[in-house]
Amino acid sequence: MTIPTVELPSGARMPTFGIGTWRMGEDRRRRKDETDAIRHGVDLGFTLIDTAEMYGDGGAEEAIADAIAGRRDGLFIVSKVYPHNASRRGAVAACERSLKRLRIERIDLYLLHWIGSVPFEETIAAFQKLKDDGKIGDWGVSNFDVDDLQSWDEKDGGRCAANQVMFNLARRGVEFDLLPWMRQRRMPLMAYSPFDQGPLARDRTLKAIADRHGATPAQIALAWLLQLPGVVAIPKSADKGRLSENFAALKVKLTDADLAELDRAFPPPRNKRSLPIV
């Protein structure tokens, strides 16, 4: 199965389905299992890998480096900079450290992990230098709501390539205003925590729909995200079996009846909601 792609504002294309690595790299005793899992995911056909300097204090990036050694071509690597490192000089230095840990020459998409105290202008200037120097392909943000994204856009001139936020069936608030705003600008939304950190994988409604498709509740949660235009799903797993299960969600095609049932169980928002952040 080939994973579809979405076009970034720059014209580059990003896969709509990938591997998340949050909480990887925190324990060296698990390093081999994590590396093997990422490598297995790439073998399955995942080409998007999402990470951050925060994850395992760089340990997740090192695990990715081991997993993709000798097979960088064709992969789309995303990493993120800490807000306190996002100054004009700090972001450049942080990116160079991430590149060294990843053992690659360029990060395809580099994100500001969340809003800190550094003025947006400084971070944008650093991102532009990194792009000019060929160290990143595109840049974007994470955990930004509409007002934040509008403020960034005013200083960025429409160059922000993506926004990564928590989005799943149980957390649909972004559909009220953030997702429509981003779609108008052809800016992909990267959805983290697609299982709401676990509960959706055990939900009764998802189980009933999954039984009809010969699937699992987790696959239904992913299939729902994957059918949404402009949305990129990045479930995290360090388990080979779970990664195989996740990848097989590409085969699940939800019907109109399935989607209506999901809307009844998890109603879309009718008003503004706070952006969830974990």
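The values are calculated or read from the model by the stated rules, or taken from the named source; none is laboratory data. Predicted, not measured: the structure shown is a model, and the values here were computed from it. Note: ideal-geometry Cβ built from the backbone for every residue, glycine included; neighbour counts use all protein chains shown.
Residues that are within 21 Å of Met187 (Cβ to Cβ) and either modelled with pLDDT under 95 or among the hydroxyl-bearing types (Ser, Thr, Tyr) (or both) were ranked within segment 69-124; the one that is nearest to the chain's Cα centre (by Cα) is Ser79. Here is the figure for segment 93-149: residues that are of a type in the set (Phe, Trp, Tyr) and under 15 Å from Glu53 (Cβ atoms) total 4. Checking each residue in segment 130-150 for being in a helix (DSSP H, G or I) and of a type in the set (Ser, Thr, Tyr) picks out no residue at all.
Listed by position, the strands (runs of 3 or more DSSP E) enclosed by segment 4-95 include none that has at least 3 residues that are surrounded by fewer than 24 Cβ atoms within 10 Å (Cβ to Cβ), in contact with a Lys or Arg (Cβ under 8 Å, 6 or more places away or on another chain) and aromatic (Phe, Trp, Tyr).
How many residues are surrounded by 20 or more Cβ atoms within 10 Å (Cβ to Cβ) and at pLDDT 95 or above if we restrict to segment 237-257?
Number of matching residues: 5.
A single member of Ser193, Ser237 is within 26 Å of Thr35 (Cβ to Cβ), of a type in the set (S, T, N, Q), touching a Phe, Trp or Tyr at 6+ places or on another chain (Cβ under 9 Å) and in contact (Cβ under 8 Å) with a residue 12 or more places away in the chain, and it is Ser193.
Determine whether segment 138-147 contains at least one residue that is under 27 Å from Glu61 (Cβ atoms) and free of Cβ contacts under 8 Å to residues at least 24 places away in the same chain. Checked segment 138-147: no residue is under 27 Å from Glu61 (Cβ atoms) and free of Cβ contacts under 8 Å to residues at least 24 places away in the same chain. Residue selection: Ala86 satisfies the criterion of being in contact with a strand residue (DSSP E or B) (Cβ under 7 Å, 6 or more places away or on another chain), in contact (Cβ under 8 Å) with a residue 24 or more places away in the chain and not β-branched (Val, Ile, Thr).
Going by the structure shown, is Met166 under 14 Å from the mean Cα position of the chain (by Cα) and surrounded by fewer than 21 Cβ atoms within 10 Å (Cβ to Cβ)?
yes
Rundown of residues vs (1) crowded, with 22+ Cβ neighbours inside 10 Å; (2) outside any helix (DSSP H, G or I), yes/no style:
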| position | (1), (2) |
| --- | --- |
| Trp152 | no, no |
| Gly158 | no, yes |
| Val174 | yes, no |
| Ala191 | yes, yes |
| Asp196 | no, yes |
| Asp211 | no, no |
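Of all the residues in segment 223-246, those that are small (Gly, Ala, Ser), assigned to a loop (DSSP other than H, G, I, E, B) and farther than 28 Å from Glu26 by Cβ number 1.
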